[in-house]
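Asks: Here it is: the structure, laid out below.
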Amino acid sequence: MKKTQYYGATSLDGFIADEHDSLDWLMQGEPLEESSYPEFIRDVGALAMGSTTYEWILRHLAGSGSEAEEDWPYEQPCWIFSSRSLPTMPGADVRFVSGDVRPVHAAMVEAAAGKNVWIAGGGDLAGQFHDAGLLDELIIQIAPVTLGRGAPLFPRRLATPPLRLTSVQTYGQMVEVRYDIPPRGA
């Protein structure tokens, strides 16, 4: 069985975005092509994100109207968790959902057709998958910056049993750590 993974980046003090939902601190780092991302995304068959992550992509990448505008960055089907009505991206396989992550996860696993499921963000959404016993692995890239406050990486307590470190890798100034999440009661 493939994994459900939370793959993302954090500041050294544990935030995935600053207090204004900005990722400017991350954009000054290493290019995605020089990280584990190209290999990681090849094994992803479906992904999920929250509305803040989706809106950031719409504002800064896809559909931004800027000269640097890109197409929707994912070929895989993407589930957007939101309690609000959000704009769609032409040509993107985007599915808006809300509520319990369990039935959505089942649909994602089916759509992934034997590939991994990626929880792209945010931290609370990844925490909901964890709470439901559906999260298998954390892949976190740590940037050499501190933000002081913002959106937390993973607003959950994971202490017993502790996570299992499976690898540490450097990419320029970034450090990537991978942890397996032990089953509850392990």
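Laboratory data are not the source of any read-out in this text; all were calculated from the coordinates shown. Here the structure is a predicted model, which means the values were calculated and not measured. Note: ideal-geometry Cβ built from the backbone for every residue, glycine included; neighbour counts use all protein chains shown.
Asks: Could you give me the percent of Cα pairs per 10 Å distance bin for the chain, shortest bin first, beginning at zero and ending with the bin that holds the maximum distance?
Replies: Per 10 Å bin, starting at zero, the Cα-Cα P(r) for the chain comes out as 9, 36, 41, 13, 1, 0 percent.
Asks: Given the Cα-Cα distance of SER82 and SER98 and 0.36 nm per residue of separation, how much length would full extension add, in nm?
Replies: So the extension gain works out to 5.2 nm.
Asks: Could you point to the residue in THR52, TRP72, TRP118 farthest towards the positive end of the chain's charge dipole, with +1 and -1 charges on the Cβ of Lys/Arg and Asp/Glu respectively?
Replies: Working it through, the farthest residue towards the positive pole turns out to be TRP118.
Asks: Here's something else I'd like to know. Let me check against my output: what whole-number percent is the relative contact order of the range 4-180, with C-alpha pairs under 8 Å and at least 6 apart?
Replies: 35
Asks: Mean residue ellipticity at 222 nm from the helices of the chain, using -39,500 (n - 2.57) per DSSP H segment of n ≥ 4 over the full residue count, to the nearest 500 deg cm²/dmol?
Replies: -6000 deg cm²/dmol
Asks: Also, I was wondering about something else. Take each uninterrupted DSSP H stretch in the chain, measure its Cα extent along the helix axis, and return the ones at 15 Å or beyond whose mean Kyte-Doolittle hydropathy is at least -0.5.
Replies: Taking the DSSP H segments of the chain (at least 15 Å long, mean hydropathy at least -0.5), we get 101-112.
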